[in-house]
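What follows draws every value from the coordinates through simple rules; no lab data is involved. These numbers come from a predicted model, not from an experiment. So basically every Cβ, Gly included, is an ideal-geometry build from the backbone, and we count neighbours across all protein chains shown.
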Amino acid sequence: MNKDQTFLQFHVDDAHHGTRLDKYLAAMIQDHSRSTIQSWIKNAHVCIDDEICHKPKTTVCCEDTISVDIPKQKVLVNAPENISLHIVHEDDD
């Protein structure tokens, strides 16, 4: 998957008929964990045949078109904080 790409589309084949949606997408999108994909589904980022799907356990059918709008990842910054500490005990060395 291209790191700049935020939208993916898949067409389910016979081999994946009856597979759970989250399991199918985890096999197709190997850059992300299944739990991440489940959160996308629960947060309305996945459609089956242009209908939003909210349940990861939904089974896919042959010739379904699955669209995934991958949300941009939030950049977390760990910044130092100046906090006062009360030292209870300190060794001599």
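A Gaussian network model of the chain, with springs between Cα atoms under 10 Å, assigns the largest mean-square fluctuation among Pro71, Pro80, Pro56 to Pro80. Residues considered: Ala27, Ala15, Ala44. Largest GNM mean-square fluctuation over the chain, using C-alpha springs under 10 Å, is found at Ala15.
Within the listed set Glu63, Glu51, Glu81, the residue fluctuating most in the Gaussian network model of the chain (springs between alpha-carbon atoms under 10 angstrom) is Glu81.
How much net charge surrounds Thr58 when only the other residues with a Cβ under 13 Å from the Cβ of Thr58 are counted, with Lys and Arg +1 and Asp and Glu -1? Working shown, then result.
Values: positive: Arg20, Lys23, Lys42, Lys55, Lys57; negative: Asp22, Asp49, Glu51, Asp64.
Neighbour charge sum, excluding Thr58 itself: +1.
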